[in-house]
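Here the structure is laid out as structure tokens; the discussion comes afterwards.
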Amino acid sequence: MQLEKQTLQFLKDLKENNNREWFTDFKSRFTEAQNNAKALYKQVEENLNKHDEIDKFKLFRIYRDVRFSKDKTPYKTHFGGSFHRKKPELRGGYYLHISPGDSFVAGGFWEPNKEDLFRIRKEFEVDASEIREILKEKNYIKHFGGKLEGDELKTAPKGFDKQHPDIDLIRKKGYIAIQRFSDKEVLAPEFLTKVDDAFKALRPFFDYMSDVLTTNLNGESILD
């Protein structure tokens, strides 16, 4: 199973002709591209379930919600799909983005709710040594450059010391690992293997964060 050249080409053409008239005229091309993408994402989910537990998969619609956007183009020019781990004991999620010149996999916590975000920050405030070690692991560096990406505050969150030695982690609003791929890599037969290898490299990070988010600061389980 692999992404077909015509699927990526459709997205390129859509970017240059992002209007309803063109889309209607080439609806059959969209259907073919979408079916190819669905099959690709389904295989990603099957691969994930061999080493993790996915309880929800979502392939996002191509139609944009333009009600509150300055950009009124009606269609997304990418395919995106998310894979959520089984809650409440497993936390975090995976994401695969297919777009000409901007394809990537990502995993982590995009917009954690305020309770989870506070719990993560408090953990880092007490002791960030474990997450630092995870970010230094060879496999994590190979796929994600040893970094956690995501939006962050300019200063310390309320109630936290802006001089804290781990303030770079504490001020983040999300914790995301990203690996990017060229179009050549996306179209190669081994692309899904590379995607799955990247997701496997996230496991120590997910195991750690799941432990944090299912316990209090005393290490006691908060699960029923």
For this session: Apply the Kirkwood formula to the stretch 71-168: the hydrodynamic radius equals the inverse of the mean of 1/r over all pairs of different alpha-carbon atoms; give it in Å with one decimal.
Result: 16.1 Å
Exercise. By how many nm would the segment from residue 133 to residue 104 grow when fully extended, if each residue of separation counts as 0.36 nm and the alpha-carbon distance is taken off?
Worked result: 8.0 nm
Problem set entry | Restraint check, 114/136; 50/194; 56/142; 138/200; 42/87; 42/200, Cα-Cα greater than 24 Å | 114/136; 56/142
Problem set entry | At R0 = 35 Å, FRET efficiency that the Cβ-Cβ distance of residue 19 and residue 149 yields, to 0.05 | 0.60
Exercise. What length, rounded to one decimal in nm, is gained on full extension from residue 63 through to residue 211, with 0.36 nm per residue of separation minus their alpha-carbon distance?
Worked result: 49.6 nm
Problem set entry | Ellipticity estimate at 222 nm from DSSP helix runs (n ≥ 4, -39,500 (n - 2.57)) divided over the chain, nearest 500 | -12500 deg cm²/dmol
Seminar exercise, completed: Per the 1/(1 + (r/R0)^6) rule, R0 = 30 Å and r from the Cβ atoms of residue 46 and residue 163, FRET efficiency to 0.05 is 0.05
Problem set entry | Solvent-accessible area of residue 142 with every protein chain in place, 1.4 Å probe, in Å² to the nearest 10 | 150 Å²
For this session: For the stretch 13-129, give the magnitude of the charge dipole about the Cα centre (Cβ charges: +1 Lys/Arg, -1 Asp/Glu; no others), in debye to the nearest 20.
Result: 420 debye
Problem set entry | Charge dipole (the chain, unit charges on Cβ, about Cα centre) - positive-most of 146, 10, 206 | 10
Exercise. With every protein chain present, what is the per residue accessible area of the chain (1.4 Å probe, Å²)?
Worked result: 56 Å²
Problem set entry | Shape call, the stretch 4-122: gyration tensor on alpha carbons, a/c limit 1.5 | oblate
Exercise. Given 0.36 nm per residue, what is the gain on full extension from residue 26 to residue 173 after removing their alpha carbon distance, in nm?
Worked result: 48.9 nm
For this session: For an R0 of 35 angstrom, estimate the FRET efficiency from the Cβ-Cβ distance between residue 222 and residue 141 and round to the nearest 0.05.
Result: 0.65
For this session: Calculate the dipole size of the stretch 58-200 relative to its Cα centre from +1 charges on Lys and Arg beta carbons and -1 charges on Asp and Glu beta carbons; express the result in debye to the nearest 20.
Result: 540 debye
Exercise. How large, in percent, is the carbon and sulfur part of the accessible surface of the chain at a probe radius of 1.4 Å?
Worked result: 48 percent
Seminar exercise, completed: Quick calc, the stretch 27-95, dipole around Cα centre from Cβ unit charges on Lys, Arg (+) and Asp, Glu (-), nearest 20 debye, gives 420 debye
For this session: Answer rounded, prolate or oblate for the stretch 146-224, using the Cα gyration tensor with square roots of eigenvalues a ≥ b ≥ c: rounded when a/c is under 1.5, else prolate when a/b is larger than b/c, else oblate.
Result: oblate
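The values are calculated or read from the model by the stated rules, or taken from the named source; none is laboratory data. Since the model is a prediction, treat every value here as computed from it, not as a measurement. Neighbour counts are summed over all protein chains in view; Cβ atoms, including those assigned to glycine, are modelled from backbone coordinates with ideal geometry. Remember, those area values only see protein heavy atoms, side chains included, never the ligands or the DNA or RNA. Shrake-Rupley method; radii C 1.70, N 1.55, O 1.52, S 1.80 Å.
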